[in-house]
Each structure stands twice: as structure tokens, then as C-alpha cells.
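Trainee: My questions all concern the structure below.
The values are calculated or read from the model by the stated rules, or taken from the named source; none is laboratory data. Predicted model, so just to flag it, every value in this text is computed and none were measured. A quick note on method: Cβ atoms are made from the backbone with ideal geometry, for glycine too, and the neighbour counts reach across all protein chains shown. Quick note on the areas: whole protein, heavy atoms, side chains included, nothing else; ligands and nucleic acids left out. Shrake-Rupley method; radii C 1.70, N 1.55, O 1.52, S 1.80 Å.
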Amino acid sequence: MTRPTSIVRRTGWPTSVSRPVVTPLQPSVVYSSPDPDALDAQYADASGYTYAREGHPNAQVLAEKIDMLEAVDPASGGGIITGSGMSAIGAVFLGVLQAGDHVLGGDQLYGRSLRLMTQDLPRLGIETSLADPTDLAAMEAALRPNTRMILVEVVSNPTIRVADMDGIVKLARDRGILLMVDNTFTTPAAYQPLVAGADITIHSVTKLLAGHSDATLGYVGTNDPDLRRQINDANVTWGMTPSPFDCWLAERGLHSFHLRHRATQDNATRLADALAEMPGVTKVLYPTRADHPDHNRAVALLGGQGGHMLSFVLDGGREAANALTRAAPNIAFAPTLGDIGTTLSHPPSSSHRGLTPEGRAALGISEGFFRVSVGVEDADLLISELSAAVAAATQG
Ligand SMILES: *Cc1c(COP(=O)(O)O)cnc(C)c1O
């Protein structure tokens, strides 16, 4: 008797009149088509799915949801999901720029973005320079005849400065330069770059959008179909496309984004005010506090939404910094942001350790500088834990 081989054959999916409430997870790498004509037509009009690197349903469902938040018109082709926030930026650069172009970046971009600007683009023959995005005259002075693109973050990491976005949008438009905004820190709940007049918005979806530190993903949105096609081709060709499971997790996280945004912002507002009263804390940086250097701009630009990120300076140098994280074991000391729970990061020993002490001092990043990504936990508990840790670290 021959052994049955039918178990090797895929038999399809049971049908049901009722449908699953939850988005199905579709890990299939490849899709079968009825015949060559149908496959030909699929490639010709880029419809449906053929091979997961080219696109898959879990990425599309996630992209469509972020498109709603970022006001991306589906007629443009819709947003693009990438394997990480860095690959979102990489896909834009690789899809749009040519050797000989110049890119102007904000001078306090995310660490890997700075590396891309200062080391990797120059290696590919693309000129770059950096300028302070809170200073429009400095941005304008840094433009060159071959400037093709500007990359800025609305709120800088970790010093929480607010860029002159209205001025930068107008500058880019007047000069015919593409403007890419990394909207990760700000989130579309506080700022929508495309509505404001930028050409491209990107996200590390890894952070507050997905919100649970269990998926690494990026997003690119644009309302220009030609740009969209160039960026998508770079993403697919260079193989920066995402895993279905990560997209599935991120969609699940995104469902509660608006609630987490509100809860983390409320907590951050309270924590910033509490920190400012703590002996041992010499400075608090939160955009909507009256003592913030960009307070008026934060109120006007972000509708008074300070967001989930704040920084503070602890008295007492590295020793006090070590003591603080040890005295707050329930607050994860981890170099990320946007998690459901509060995380603390220490730029002098992580994101900014490559700078000289003088370089850090110029940014106001002393050994006591901490960045806090505020979570949704009970604010009273959070304040009491951090307050006890600050006291232990500075009054020992
Ligand atoms: C984390 C982050 C990135 C990079 O995103 P990954 O998902 O880690 O690749 C880019 N920009 C900002 C502002 C970030 O916080």
C-alpha cells in the first residue's frame, strides 16, 4: 500500500459564514495564481500578492491604519511598512537620492540617523550637513544649490527641543526641496507632517504606535504617488520589508494608540511637574512646561500636547546616575521609548557616548542627564518610585 502523500499538499482553509473578528496572521511567503495570464496581470497592475517581500496582507492592514492617523490619501498608493524605523529612512534615501545630491538634517537626530547622515550617505557620494532645526536662519544658511532633501524630527532626542516646523515647511516649499519628517517622538496625535505641508512622514513604529516593545517596524507615508513608487521599490529591492507577525503585533498595539497617547501624556505632564519640585533635580525638559525654551512653539505647533517624552538633570554626576537606576528597579533602565511602561535612558552612557564631554555639554547633556519615556502605569506610583530613587541617589 502506498503511503498517503496528501498530507504534504496544502488543502486550503475551512470556510465559515461567520468571519474572524481578529485580523488573521498570514505568514505565507508565496501566493499561487490561477494561471500565467492572471499572474502577468497581477505584476502589471501590482494587485494582490505574489511574494511576501513584495507585500503581504498584514503589512497592508497596518499601513492603512497608520495612513488614517497620518492623513495619507489611499489614492497615492498608501503608506509603506518597513522592517524598522531605520529602514523607513533608508528606503526614502535609497529610493529618492542620487550621488551628487545634498541632504540637510537636523543636528539632534536619532543616533543612527546621524550616523546615516555623517557616514553612510557620504560613502555613496551624497553630501550631507546638519543644522539646528529650532533656528530657521541656520537651516536656510546650510542649504546648497544641490540640496534635494531635508530630514528633521519635530521634537529632538533627548533634549526635547521643538523644531521651527512652520518655517522649515515654508523654506522647503519655496526652494523646491523635499521635506521628510521623522514623526516618531511627536506621533500623529500631536502633529501630522503631511497636513502641515511636508512631503514624507516616517515612523519607528517600534515605539509608541506599536507600543509594547515586541515588534520592530517602520512606516513611510507620502501623498505623492511617484515618490511612493520610488520608495516602495527601494524597500522591496533592498529587502527591507517587514515580517507578517511583527505587522500583526503592531496592528494589535495600534488599536490602543490613542488611549496610550493620552494616558502617557497625562502621566508625563504630572511627572514633569513632580520632578521639577524634587530636591536633587536641577532641570526638567517638557515642552508644555512654562520654563521650556520652546514653550510657545510647543503650544502653537502641537496644540499644547507635550507627549510622552521628558528629560531631567540629576545633581551629582555619574555616581548619582548609577545610584538612581539601581534605586528604581521597577522602572526599566533601557535605551528605547514608547513602551507601555515607563523606561529610563541615560544618553551619556548610550546614545551620546560617542560625543566628547564638551560636545555633550554643548547640548546640555551632563552625566546626570536622564530621558524618560513615560508609560501608562499609575502616575502616583510612578512619581513616588522616582521620587524615592532621586532622594536615594542625591542625598546619600
Ligand atoms: C527608534 C527611532 C528610530 C529608529 O527606529 P528603529 O525601529 O529602532 O529602527 C528613528 N527615529 C527615532 C526618532 C527613533 O526614536
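Trainee: What's the carbon and sulfur percent of the chain's accessible surface, probe 1.4 angstrom, rounded to a whole number?
Mentor: Values: 9910 of 18710 Å².
Roughly 53 percent of what the probe reaches on the chain is carbon or sulfur.
Trainee: If you count the DSSP beta bridges with both ends in region 51-254, what percent of them are antiparallel, to the nearest 5? Write out the running numbers ahead of the final one.
Mentor: Working: 9 of 26 bridges.
The answer is about 35 percent antiparallel.
Trainee: Name the residue farthest towards the positive end of the dipole of region 257-394 from the options H295, L337, L355, assuming +1 on Cβ of Lys and Arg, -1 on Cβ of Asp and Glu, about the Cα centre.
Mentor: Positive-most Cα among the choices belongs to L355.
Trainee: Separate question: Ignoring ligands, DNA and RNA, how do Y219, Y43 rank by accessible area with a 1.4 Å probe, largest first? Spell out each step's value before the answer.
Mentor: Details: Y219 0, Y43 140 Å².
From most exposed to least exposed: Y43, Y219.
Trainee: From the phi of every residue in region 28-34, what ³J(HN,Hα) in whole Hz does the Karplus formula 6.51 cos²θ - 1.76 cosθ + 1.60 yield, where θ is phi - 60° and glycine or proline is x?
Mentor: In residue order, the calculated couplings are 4, 6, 9, 10, 9, 10, x Hz.
Trainee: Let me ask something else about it. Kindly give Rg over Rh for region 1-108, based on alpha-carbon atoms, with the Kirkwood expression for the hydrodynamic radius.
Mentor: Numbers: Rg = 19.8 Å, Rh = 18.0 Å.
Computed over Cα atoms, the ratio is 1.10.
Trainee: Right, something else. In whole percent, what relative contact order does region 1-103 give with Cα contacts below 8 Å and a gap of six or more residues? Display every interim value, and only then the final one.
Mentor: Numbers: 46 pairs, mean separation 16.5, N = 103.
After rounding, I find 16 percent.
Trainee: Out of S47, S243, S87, any idea which swings most in a Gaussian network model of the chain, alpha carbons joined below 10 Å?
Mentor: Of the options given, S47 has the highest mean-square fluctuation.
Trainee: With the chain treated as a Gaussian network of Cα nodes joined by springs under 10 Å, which of Q42, Q98, Q26 yields the largest mean-square fluctuation?
Mentor: Q42
Trainee: On alpha carbon coordinates alone, what is the Rg over Rh value for region 245-321, Rh being the Kirkwood radius? Provide the component values of the computation, followed by the final result.
Mentor: Details: Rg = 15.7 Å, Rh = 14.2 Å.
Rg/Rh for region 245-321 comes to 1.10.
Trainee: What is the projected area of the convex hull of the Cα atoms of region 257-394, averaged over all directions, in nm²? Intermediate results must be reported in sequence, preceding the final value.
Mentor: Working: hull surface 31.6 nm².
If I average the Cα hull's projected area over directions, I get 7.9 nm².
Trainee: Let me ask something additional. Which values of log₁₀ I(q)/I(0), to two decimal places, follow from the Debye formula for region 61-184 at q = 0.09, 0.10, 0.14 Å⁻¹ with a uniform point scatterer at every Cα?
Mentor: Values, matching the q order: -0.25, -0.31, -0.62.
Trainee: When you take every Cα atom in the chain, what is the radius of gyration, and what is Dmax, the widest Cα pair distance, in Å?
Mentor: Looking at the chain, its Cα Rg and Dmax stand at 23.0, 84 Å.
Trainee: So what is the accessible area of region 51-254 per residue, in Å², with the probe set to 1.4 Å? Kindly include the intermediate steps, with their values, before the conclusion.
Mentor: Numbers: 7420 Å² over 204 residues.
I get 36 Å² per residue for this part.
Trainee: On to the next question. Find the relative contact order for region 51-254 and round it to a whole percent, using C-alpha pairs within less than 8 Å whose residues are 6+ positions apart. Before the final figure, lay out each step's value.
Mentor: Numbers: 416 pairs, mean separation 64.4, N = 204.
So the answer I get is 32 percent.
Trainee: Further, regarding this structure: How high is the relative contact order of region 257-394, given as a whole-number percent (alpha carbon pairs under 8 Å, six or more residues apart)?
Mentor: On the way: 230 pairs, mean separation 43.0, N = 138.
The value is 31 percent.
Trainee: I need the phi-derived Karplus couplings for region 87-103: 6.51 cos²θ - 1.76 cosθ + 1.60, θ = phi - 60°, integer Hz, Gly and Pro marked x.
Mentor: My calculation for region 87-103 gives 6, 5, 5, x, 5, 5, 4, 5, x, 10, 8, 10, 4, x, 6, 10, 10 Hz in order.
Trainee: Now for a separate question. Would you list W13, W248 from the most to the least accessible area, probe 1.4 Å?
Mentor: Working: W13 225, W248 60 Å².
Descending order: W13, W248.
Trainee: Quick check: net charge around A276, other residues with Cβ under 12 Å of its Cβ, Lys/Arg +1 and Asp/Glu -1?
Mentor: On the way: positive: R270, K283, R289; negative: D273, E277, D291.
The answer is 0.
Trainee: Quick one: work out the % antiparallel among DSSP beta bridges in the chain, nearest 5. It would help to have the intermediate numbers written out before the result.
Mentor: Values: 22 of 41 bridges.
DSSP beta bridges in the chain are roughly 55 percent antiparallel.
Trainee: Quick check: Cα centre of region 170-208 to Cα centre of region 30-56, how many Å?
Mentor: Comparing the Cα centres of region 170-208 and region 30-56, I get a distance of 32 Å.
Trainee: Against the longest principal axis of the chain, how steep is helix 36-45, in degrees 0 to 90 to the nearest 10, with axes from Cα atoms?
Mentor: Between the helix axis and the principal axis of the chain, the angle is about 30 degrees.
Trainee: Next question, about the same structure. Dipole magnitude of the chain about its Cα centre, charges +1 at Lys/Arg Cβ and -1 at Asp/Glu Cβ only, in debye to the nearest 20? Each step should come with its number before you reach the end.
Mentor: Values: 30 positive and 42 negative charges, 160 e Å.
Using only the charged Cβ atoms, the result is roughly 760 debye.
Trainee: Taking all protein chains together and a probe of 1.4 Å, list I340, I200 from the most accessible to the least accessible.
Mentor: Details: I340 65, I200 0 Å².
Descending order: I340, I200.
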